[in-house]
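First up is the structure itself, then whatever we jot down about it.
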There are 2 protein chains.
Amino acid sequence: MLKKTKTGSGQDGTLIIIGGHEDHDGERVILKEVAKHVRDGKLVLATVASHEPEGYLEKYQRSFGDLGIPHVTELYIEERDQATSEDKLAGLRDVGAVFFSGGDQLRITSLIGDMPIYEHVHEIFANGGVIAGTSAGASAMSDMMLVRGSNASSFRIGDLSMAPGLGLLPNVIIDQHFAERGRIGRLIGAVSQNPRVLGIGIDEDTAIVVRGHRFEVIGTGAVYLVDAGDITHTNIAEASPDEALSIYDLKLHVLSSGDGFNLETRRPDRENVAVSLEKTS
Amino acid sequence: MLKKTKTGSGQDGTLIIIGGHEDHDGERVILKEVAKHVRDGKLVLATVASHEPEGYLEKYQRSFGDLGIPHVTELYIEERDQATSEDKLAGLRDVGAVFFSGGDQLRITSLIGDMPIYEHVHEIFANGGVIAGTSAGASAMSDMMLVRGSNASSFRIGDLSMAPGLGLLPNVIIDQHFAERGRIGRLIGAVSQNPRVLGIGIDEDTAIVVRGHRFEVIGTGAVYLVDAGDITHTNIAEASPDEALSIYDLKLHVLSSGDGFNLETRRPDRENVAVSLEKTS
């Protein structure tokens, strides 16, 4: 039975959504946060996004081992029919933590979407577990995910592909490797299609930790919130596919470690810091 | 005598500010616009930004020649003392059009700043001429210009250098090669230091044509307006130099060809198009 999530449900577990290239050698702020939420020392590393998952398990076993998580097991499937195998499902029993590594987000959803594994992941989350994802594993968290779109260029009307994601965090679109790959243009393009959806761009070695309708930022980079709720004009519906996007009155928040954000009110809410400044102009 | 410009003066000439790599082979929308403003068929190409200006003159002579501008002459100086030479100054007499090509914006300002050549450029502008600039030549147009700052990364508090520009367009900071080099982070960093200043990021093969306090966008890319006038929080003054910037409630407009913008009201003002949409959320 799938539990329907709202915009940040409030009753579920924790999502840790990482912009890729989380630190494995230094302070490991992000992996430590994941480890903090792991119960019973068991975590499943879902490498299903990758065409060549060799080496991932060893890397994460080493990192999480250092952080007091002795049992890291791999969930990998090559073909969709394996997503029903009792073997694969067994690996998810009695586990409260799943970590989706990088690769291609369409592999994640096309291989496990609407399958028993997918339901298991939702159940782990609904029962208070932690679901983490980095890079492609981050993009797959939302209802709709970006699957293609130019980096480092302004958005062209025809230049975007989206696909249904895992649906763990509704009403948002997540993009990763964000500043590093110059992706603001494509995220603006995505939210302009329907301002109901909030754009969340996450830098490398940076993550949002979502509980209920609130998240906090950890890591060394920034998180960009693109809110098209108050836009007054866009040419997205009228212009030809090769034209550049035009959009007026976007709201943009840039958050860094220590900042929080309320997904219901769409407002930053830095704890213990007054969120007001005199207008300087 | 230097004429003091206001935010878009209303009485002056035309500025054509180009994000670099303007088209020289296809429709040449931007160079055509420059040519439209050239009086008497004479244009001075100021290659002073470049360490190696070889080839620039021939390229622009060819392009402008095709567009009906037979007289393109070069203004190049190697050392500051040449900026007073009667030779160099003579080249600017009876000319209504100067085009600053790319290179290093600090070369432009350090070589001609506060020199007779600089005053001549201002006079040409004040007398209704056209001053165009591409890439470094675009950055140099404003009061303050960005001279360093990481591309394709989120802004770190300590990671920015600014310098005084030519002052032809006050109260703005211009960045170029904008989406192509992932520069939104550094432009946000620049405006966060003083929200009085409006950030203008211009893509390659894209330009703004400024007359008075209004500009219009031409070319194939987009122009990003970053307005920090209503920000409610930033950590720019408190955080340590290697920390990522945090800034709430930025306003962002993305404009493309046909869009206009009023620098006084800081509002897009697309001519002949209703600038309103029902809020969708």
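The values are calculated or read from the model by the stated rules, or taken from the named source; none is laboratory data. Values in this document were obtained by computation on a predicted structure and should not be read as measured data. Glycine gets a Cβ as well: all are built from the backbone with ideal geometry, and neighbour counts include every protein chain shown. We work out accessible area using only protein heavy atoms, side chains counted, and drop any ligands, DNA or RNA first. Shrake-Rupley method; radii C 1.70, N 1.55, O 1.52, S 1.80 Å.
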### Query
Considering every Cα-Cα pair within chain B, what fraction, in whole percent, is farther apart than 30 Å?
27 percent
#### Entry: Under the Karplus curve 6.51 cos²θ - 1.76 cosθ + 1.60, θ = phi - 60°, whole-Hz ³J(HN,Hα) for the range B:136-150, x wherever Gly or Pro sits
4, x, 6, 4, 6, 5, 8, 4, 10, 10, 6, 10, 7, x, 4
### Message
Suppose only helical runs count, i.e. DSSP H with n ≥ 4. What mean residue ellipticity at 222 nm does that imply for the protein assembly as shown under -39500 (n - 2.57) per run, divided by all residues and rounded to the nearest 500 deg cm²/dmol?
### Response
-5500 deg cm²/dmol
### Task
Nearest 100 Å² is fine: how much accessible area is buried between B and A, summed over both sides, with a 1.4 Å probe?
3700 Å²
## Note on the structure
Taking a crude spin-label model, label points 7 Å out from Cα along the C-beta direction, the B:K42 to A:K32 distance in nm is 6.9 nm
### Query
What whole-number value in Å² describes the accessible area per residue of the protein assembly as shown for a 1.4 Å probe?
39 Å²
### In nm, spacing of pseudo-spin labels at B:N194 and A:R196 (7 Å Cα→C-beta vector)
4.5 nm
### Message
In whole Hz and in residue order, list the ³J(HN,Hα) couplings for the range B:248-261 that follow from phi through the Karplus curve 6.51 cos²θ - 1.76 cosθ + 1.60, θ = phi - 60°; x for Gly and Pro.
### Response
10, 6, 6, 9, 10, 10, 10, 10, 9, 3, x, 6, x, 8
### Message
What are the equivalent ellipsoid semi-axes of the range A:152-281, built from the alpha-carbon gyration tensor (square roots of five times its eigenvalues), in whole angstrom, biggest first?
### Response
25, 17, 14
### Task
For B:K42, go 7 angstrom from Cα along the Cα-to-Cβ vector, then report the distances to that same point in the other copies in nm, smallest first.
8.6
### Task
Evaluate the charge dipole of the protein assembly as shown about its Cα centre and quote only its size in Debye, nearest 20, assuming +1 on the Cβ of each Lys and Arg and -1 on the Cβ of each Asp and Glu.
1320 debye
### Query
What residues have an amide H closer than 5 Å to that of A:E180, excluding those fewer than 5 places away on the same chain, when H is modeled at 1.01 Å from N in the peptide plane?
A:E204
#### Entry: Charge dipole (debye, nearest 20) of the range A:42-156; +1 at Cβ of Lys and Arg, -1 at Cβ of Asp and Glu
440 debye
#### Entry: Extent along principal axes [Cα atoms of the protein assembly as shown; Å; largest to smallest]
86, 45, 43
### Task
Look at the axis of the rotation that sends chain B onto chain A, then give the chain B residue with the nearest Cβ and the distance in whole Å.
B:G182, 1
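For the range B:11-139, build the convex hull from the C-alpha positions and give me its volume per residue in Å³.
Residue-normalised Cα hull volume stands at 96 Å³.
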### Selection of trypsin sites (Lys or Arg not before Pro), the range B:136-219, meeting DSSP coil and at most 14 other Cβ within 10 Å
B:R196
### Message
Using only alpha-carbon positions, what ratio does the radius of gyration of the range B:87-222 give when scaled by 2.2 N^0.38 Å?
### Response
1.05
### Query
Length gain on complete extension for the stretch B:E119 to B:N151, per 0.36 nm per residue less the alpha carbon to alpha carbon distance?
8.2 nm
### Query
Toward the positive end of the charge dipole of the protein assembly as shown, about the Cα centre and with charges on Cβ (Lys, Arg +1; Asp, Glu -1), which of A:G221, B:L89, B:S246 goes farthest?
B:S246
### Message
For B:H71, project a label point 7 Å along Cα to C-beta. Then give me every residue of the range B:30-55 with its amide nitrogen under 14 Å of that point.
### Response
B:38-45
### Message
Give me the one-decimal nm value for the distance between modelled label points at A:R80 and B:A163, 7 Å along each residue's Cα-to-Cβ direction.
### Response
5.9 nm
### Task
List the distances, in nm to one decimal, from the label point of A:R267 to the label points of the same position in every other copy, shortest first, placing each label point 7 Å from Cα along the Cα-to-Cβ direction.
2.6
### Query
What percent do you get for the relative contact order of chain A when only Cα pairs under 8 Å and 6+ apart count?
20 percent
### Summary
Along the dipole axis of the range A:19-98 (charges at Cβ: +1 for Lys and Arg, -1 for Asp and Glu; origin at the Cα centre), the most positive-end residue among A:G19, A:V38, A:L57 is A:V38
### Query
Tell me, how many Å apart are the Cα centres for the range A:125-161 and for the range B:188-251?
26 Å
### Charge-dipole axis of chain A as Lys and Arg at +1 and Asp and Glu at -1 on Cβ define it, positive-most pick from A:V210, A:G189, A:S154
A:V210
### Task
Determine which aspartates and glutamates satisfy two conditions relative to A:K32: a Cα distance under 20 Å, and not lying fewer than 8 residues away in the same chain.
A:E22, A:D23, A:D40, A:E58, A:D66, A:E74, A:D203, A:E204, A:D205, A:E216, A:D259, B:E243
### Query
Copy-to-copy spacing for B:E238, label 7 Å out on the Cα-to-C-beta vector, in nm, shortest first?
4.4
### Cα-centred dipole magnitude for the range A:167-234, charges only on beta-carbon of K, R (+1) and D, E (-1), debye, nearest 20
240 debye
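Return the percentage of antiparallel bridges among DSSP beta bridges fully within chain B, rounded to the nearest 5 %.
60 percent
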### Sulfur and carbon atoms: percent of accessible area, the protein assembly as shown [1.4 Å]
47 percent
